[in-house]
1. Taking the range A:122-134 as the search range and keeping residues that are in contact (Cβ under 8 Å) with a residue 12 or more places away in the chain and more than 15 Å from A:Q76 (Cα to Cα), which one is nearest to the other protein chains (Cβ to nearest Cβ)?
2. Test of understanding: among B:I119, B:I82, B:I45, which residue is within 14 Å of another protein chain (Cβ to nearest Cβ), at pLDDT 90 or above, in a helix (DSSP H, G or I) and open to solvent by less than 100 Å² (accessible area, probe 1.4 Å)?
3. From the list B:A254, B:A246, B:A176, pick out the single residue that is under 30 Å from B:P33 (Cβ atoms) and touching a residue at least 40 places away in the same chain (Cβ under 8 Å).
4. Only one of B:D209, B:D172 is open to solvent by less than 10 Å² (accessible area, probe 1.4 Å) and assigned to a loop (DSSP other than H, G, I, E, B); which?
5. Could you tell me whether any residue of the range B:126-134 is more than 11 Å from every other protein chain (Cβ to nearest Cβ), of a type outside the set (K, R), under 22 Å from B:A49 (Cα atoms) and open to solvent by 20 Å² or more (accessible area, probe 1.4 Å)?
6. Pull up the range A:76-88, narrow it to residues that are more than 9 Å from every other protein chain (Cβ to nearest Cβ) and open to solvent by less than 20 Å² (accessible area, probe 1.4 Å), then point me to the one that is nearest to B:A31 (Cα to Cα).
7. What number goes with the only condition from (1) away from chain A (no Cβ under 14 Å); (2) touching a Lys or Arg at 6+ places or on another chain (Cβ under 9 Å); (3) buried (at least 21 other Cβ atoms within 10 Å of the Cβ); (4) of a type outside the set (D, E, K, R) that B:L153 does not pass?
8. Among B:N105, B:N97, which is more than 14 Å from chain A (Cβ to nearest Cβ), closer than 27 Å to B:S178 by Cα, free of Cβ contacts under 8 Å to residues at least 24 places away in the same chain and loosely packed, with under 10 Cβ neighbours inside 10 Å?
Amino acid sequence: MRDDRPAGTGVLVVTLLLAALLEVIPLPETANWVRPEWMLLVLVYWVLTLPRRVGVLWGFFVGLYMDVLTGATLGQWGLGFSLGAFIMLLAYKRMRVFTVLQQCAVIFLLVGSVSLLAYLVQEAVGRTLYPPYTILYSSLASAVVWRPVCALLRWVQLRFIVR
Amino acid sequence: MTAPANPLYRLLIALVLAIIAMVLDQRTPWAGPVRYFLGGLTAPIHYIAHLPVDSGEWLSEQAQSRSSLLDENRRLQRKSLILEQKVQRLAVLEAENVRLRELLNSSADLDANVLVAEIIGLDADPNRQELIINKGSGSQVITGQAVLDAQGLIGQVVEAGPLSSRVLLLTDASHAMSVQVNRNGVRAVLAGTGQTGGLRLLYVPDTADIQEGDLLVSTGLGQRYPRGYPVATITSVRHQSGAAFAEITARPTARIDRASHVLLVQPTPQPERSSAEVSDEG
């Protein structure tokens, strides 16, 4: 019988913190436009692989952490991340049988919609300057790095036994 | 194990919590403790992200030759001698200023205490002009404190965490402050544009005496910034026929994009602190 007890929560949190580091690591100004949403990608990976453990509430708290990390309105990313986690919970079985290109397309749409939600909140509090289509750059970058991130996290998951 | 429990209820809980958090954060000061607690958890991330820069500086310091260090030391000693001589005059002038102000029955501006902090991060969001410094409320940093470098004002603290603080720059599009032209005392509102190094003066009548190259200094109105610090220099003045106001742009005197250390001014106790200078005006 397979051992199904949850394990490796620490490793899971560490991968999220590393993603947080990538979110704030200093880059040239133009590179900021194509910075992938690392934390969302890592969250989505864990939702897809451990749908019974990582879900909407994880999404909410990771999003809240992201809010404070980036100095956004509290709840701005919390809203989007919990919705993103919810959508992935509904679609995790389909995502597993999708081809690489289909997966990347889903990630592109997901990161795009979550960022758009965050943009709407930011717009409502009057802290936006650039038009919303600028979201496309980071969404596209997220879709491009999705497979490598997946491969890396897969290795981490097997190496440190996260389940 | 069976299929995961219906996540819809959890989504509803998360959405309600998120909306409550947003409203609390925008409309009340009650979200402060949550931010403060999470700020303690996010500060290490900013510190680690700054490590490559720190170690690069350390390496270049180690690699400097003895003769260049001696040179630098001599240059700094000369500079410090000149500055000390200027400070001697300043003490006398300050005492005189306090006496004269007492004669006029106005309150004296006391010399403010300063705290040196290092910049450990910049905001990655192009929509905002903010930076993160390595001093927090543990070092008596408070929200609203003015931040400057050796050349002039940089901005103000908008969020003081336990180990780090967030500074809103003058150039942020949501930032505005009261300034006056050093040459003739004309007052105006200086607003950020959201571009690095871009500022503009709002609602200045076409006939106002403001010229290219004028120095703008803080007025201390609004009680957020101390009075009399250099803020910006005028870079262009354009009069458009038909427009009600002149189009005036300015550049901060502080070297915001190049500074690595900043000074935090401890505010002197003021009788009241009623109006904040941060406005939603964009």
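1. A:T134
2. After ruling out the rest, the residue left standing is B:I45.
3. Result: B:A176 is the single residue among B:A254, B:A246, B:A176 that is under 30 Å from B:P33 (Cβ atoms) and touching a residue at least 40 places away in the same chain (Cβ under 8 Å).
4. After applying the criteria, what remains is B:D172.
5. Checking the range B:126-134: at least one residue is more than 11 Å from every other protein chain (Cβ to nearest Cβ), of a type outside the set (K, R), under 22 Å from B:A49 (Cα atoms) and open to solvent by 20 Å² or more (accessible area, probe 1.4 Å).
6. Step by step, filter the range A:76-88, then rank; the result is A:G84.
7. Single failed check for B:L153: (2).
8. Details: B:N97 fails: loosely packed, with under 10 Cβ neighbours inside 10 Å.
Just one listed residue meets the conditions, B:N105.
The values are calculated or read from the model by the stated rules, or taken from the named source; none is laboratory data. Note that this is a predicted model, so its numbers are computed, not measured. Positions of Cβ are generated from backbone atoms using ideal geometry, with glycine treated the same way; all protein chains shown enter the neighbour counts. Accessible surface areas use protein heavy atoms only, side chains included; no ligands, DNA or RNA. Shrake-Rupley method; radii C 1.70, N 1.55, O 1.52, S 1.80 Å.
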